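Structure first, then comments.
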Amino acid sequence: MSRKILFTLRHAPYGSAIAREALDALLATAVFGQDISVLFMDDGVFQLLPKQSPEALPQKTLSSSLSALPLYDVEKLYVHAPSLEARGLTKDELALDGLVSLTSEEVATLFGEQDHLLSF
């Protein structure tokens with residue numbers, strides 16, 4: 001039985017392993033055919049910026065892994081509009097196609113529609 005699972009990605013892509021571990025967990029869960037949604041909010045919106053260059057850090061860029069989400073049938077992709085606005089970003093600047101912009105009220109509705117919520 002497929003469960004509705006929402007991964008909420010709230011941390012910047014670098015500086016800790018949280019973003020990478022969240023993406024690993026998301027892809028591992030997707031392999032089992034679950035109904036996965038992904039919400040980028042707070043500093044997690046920085047994961048969506050193109051041309052990231054973490055070479056100075058001992059980390060790989062997340063952008064290639066994020067672009068693989070459709071290959072895992074992860075197609076419900078959301079971004080929290082107030083998080084973008086608070087960081088001076090627009091949806092047009094983001095590297096991931098198919099993102100749906102949500103208000104805080106719409107995020108609350110999305111949370112209520114899920115069987116499981118995972119926040120990273």
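Just one of the listed residues (E85, E21) is in contact (Cβ under 8 Å) with a residue 60 or more places away in the chain, more than 20 Å from S2 (Cα to Cα) and outside any loop (DSSP other than H, G, I, E, B), namely E21.
Conditions (1) of a type in the set (S, T, N, Q); (2) modelled with pLDDT of 95 or more, marked per residue:
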site	(1), (2)
S2	yes, no
Y14	no, no
I36	no, yes
G44	no, yes
K60	no, no
P70	no, no
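Spot the failing condition for A30; the list is (1) closer than 19 Å to S2 by Cα; (2) surrounded by fewer than 16 Cβ atoms within 10 Å (Cβ to Cβ), and only one is missed. Unmet condition: (2). Exactly one residue among E85, E106, E113, E93 is loosely packed, with under 14 Cβ neighbours inside 10 Å, more than 23 Å from A28 (Cβ to Cβ) and either of a type in the set (F, W, Y) or modelled with pLDDT of 95 or more (or both), and that residue is E85.
The values are calculated or read from the model by the stated rules, or taken from the named source; none is laboratory data. All values derive from a computational prediction rather than experimental measurement. Counting neighbours? That spans all protein chains shown, and the Cβs are built from the backbone with ideal geometry, glycine included.
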